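Take a look at the structure below.
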Amino acid sequence: MHLWPRRSWSRSTRYVKHRVTRINATPHVIALGFAAGCFISATPFVGFHMIGAALIAWMIGGSIIASLLGTFVGNPLTYPFFWFASFKVGTVILGTAGTHSHTDFSGEFFSSSWEQIWPILKPTIVGCVPVGLVLFAIFYFATRWAVQVYQERRKQRFQLRQLQRDQAIGAQ
């Protein structure tokens, strides 16, 4: 599993942006898919992000390819922020903010009992929904705008090339 890009974060970000804007679909469909991938990235279920993103995109009529690319918003740099925010929001929703006792994970992680993990996992699961919805909204509008601008500029370039070809053929 690759946790760090081979070249750089900025190059990886440009690559994902390029791939998303070149998808052959409407800006709305692409934005729905990408936002679905961003939504699922807020969940603590890392191994299932791509499957979840594809299912959500399929259910809401978004681009499945864009949803898979949207999962790259969740990465080793952003997961701690998403999960911390999800935990805090979840404790507020559940009414358990400030009532947590100390959880000792000093032993082996997988030998820890469910009773130790559940007080952290439950609020994180509950809180990831509102956090994911905020991510969905932000990335939906940003992606829709970016794709729309890209597609309009691309259409103008093609029209200009066609006009130049027509003029070249007419001059002969």
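The values are calculated or read from the model by the stated rules, or taken from the named source; none is laboratory data. Computed from a prediction, not measured in an experiment: that's the story for all the values here. Virtual Cβ from ideal backbone geometry, glycine too; neighbours counted across all protein chains shown. Just so you know, the surface numbers come from the protein's heavy atoms only, side chains and all, with ligands and any DNA or RNA stripped out. Shrake-Rupley method; radii C 1.70, N 1.55, O 1.52, S 1.80 Å.
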Hey, any hits in region 129-137 for a residue that's in a helix (DSSP H, G or I) and modelled with pLDDT under 95? no
Residues being hydroxyl-bearing (S, T, Y) and open to solvent by less than 30 Å² (accessible area, probe 1.4 Å) - total across region 112-138: 2
List pairs: first in region 137-158 and under 17 Å from A57 (Cβ atoms), second among the acidic types (D, E), Cβ under 7 Å, 6+ apart or cross-chain? none
Any hit, region 52-70, residues being in contact with a Lys or Arg (Cβ under 7 Å, 6 or more places away or on another chain) and under 17 Å from A142 (Cβ atoms): yes
Checking T78 against (1) out of contact with any Gly (no Cβ under 8 Å at 6 or more places or on another chain); (2) at pLDDT below 95; (3) open to solvent by 90 Å² or more (accessible area, probe 1.4 Å), which single condition isn't satisfied? (3)
Pick from region 26-72 the residues that are touching a Phe, Trp or Tyr at 6+ places or on another chain (Cβ under 7 Å) and not in a helix (DSSP H, G or I): which of them is least open to solvent (accessible area, probe 1.4 Å)? A42
Restricting to region 82-103, give me the number of residues that are modelled with pLDDT of 85 or more and either among the small types (G, A, S) or over 24 Å from A57 (Cα atoms) (or both). 12
